[in-house]
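**Q** Got a structure for you, questions after.
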Amino acid sequence: MTTPTVLLLPGWQGSEAEHWQSRWEEVHGDLRVQQHDWNTPLRGDWICQLEAAIHQAPAPVLLVAHSLGCHLVAGWAAASPLFSTTGDPRAGPVLAALLVAPPDLTRPDLPPALHSWAGHPLRRLPFPAHLLSSNDDPFCSAQAAASMAAAWGARHTNLGALGHINSASGLGDWPQGRACLQELAAAALATNADRSVPPQAAFPFPAPPPP
């Protein structure tokens, strides 16, 4: 029986100890993808680091991205040779991606450190994704988040007033986000017969609350 490997993709400047990604790393044993430079995030370098981490991780892989990490997922998917000949998500090890609070890289006040990330077209992701945003994110409007979700072919949920959905949001271990990840993984596993992994047995997270 194969349990999905969860790779955590922090954004610019990383995720501090109080961040829900750091809590998931500690509580659930998820793996953080390390970058050479968190403060000067060179897009090509970050993509190479993610490619290496995915190749090293036992498949299937779940990507959990925050902020700039969401654009890392999109940039990697567009550049990776795993998808150079086919758009079938079963051709690669990535099962699905949870994308949390992506910043709007078209903003005129984009920090100079992020300029290498600007100007790249948004393309449909070759695997299922769920984008979680807020209606008061200082780095992305609700409309821009919805547009990114549509371009990436991702399900979109606006969680309300949670800011940048980071440590300042006071989420702690963020069980709501973990439930969204469990639901995303279960749905992806159920529609991916080649993996032959029972969703609930293979992904031991708390089941999401009933609607």
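The values are calculated or read from the model by the stated rules, or taken from the named source; none is laboratory data. This one's a predicted model, so the numbers in the text were calculated from it and none came from an experiment. So basically every Cβ, Gly included, is an ideal-geometry build from the backbone, and we count neighbours across all protein chains shown. Only protein heavy atoms, including side chains, enter the accessible area calculation; ligands, DNA and RNA are left aside. Shrake-Rupley method; radii C 1.70, N 1.55, O 1.52, S 1.80 Å.
**Q** Tell me, what is the per residue accessible area of the chain in Å², probe radius 1.4 Å?
**A** Using a 1.4 Å probe on heavy atoms only, each residue of the chain averages 45 Å².
**Q** Hey, another quick one. Pop out the carbon and sulfur fraction of the accessible area of the chain as a percent, whole number, probe 1.4 Å.
**A** 55 percent
**Q** In segment 127-190, how does Rg compare with the Kirkwood Rh, expressed as the Rg/Rh ratio over alpha carbon atoms?
**A** Using only Cα positions, Rg/Rh for segment 127-190 is 0.99.
**Q** Local charge sum around residue 72 (other residues, Cβ-Cβ under 12 Å, Lys/Arg +1, Asp/Glu -1)?
**A** -1
**Q** Excluding residue 153 itself, calculate the net charge of residues whose Cβ lies under 10 Å from the Cβ of residue 153, where each Lys or Arg counts +1 and each Asp or Glu counts -1.
**A** Within the 10 Å Cβ shell, the charges total +3.
**Q** Let me understand segment 35-158 better: what is its radius of gyration from the alpha carbons, and its Dmax, in angstrom?
**A** When restricted to Cα atoms, segment 35-158 yields Rg and Dmax of 13.9, 40 Å.
**Q** With every atom except the alpha carbons ignored, what do you get for Rg and Dmax of segment 1-65, in angstroms?
**A** 12.0, 40
**Q** When the helix-only estimate is applied to the chain (DSSP H runs of n ≥ 4, each -39,500 (n - 2.57), divided by the residue count), what is the mean residue ellipticity at 222 nm, nearest 500 deg cm²/dmol?
**A** That calculation yields -9500 deg cm²/dmol at 222 nm.
**Q** Something else now. Anyone know which of 162, 72, 62 comes out most mobile in the 10 Å Cα GNM of the chain?
**A** Checking each option, the largest mean-square fluctuation is seen for 162.
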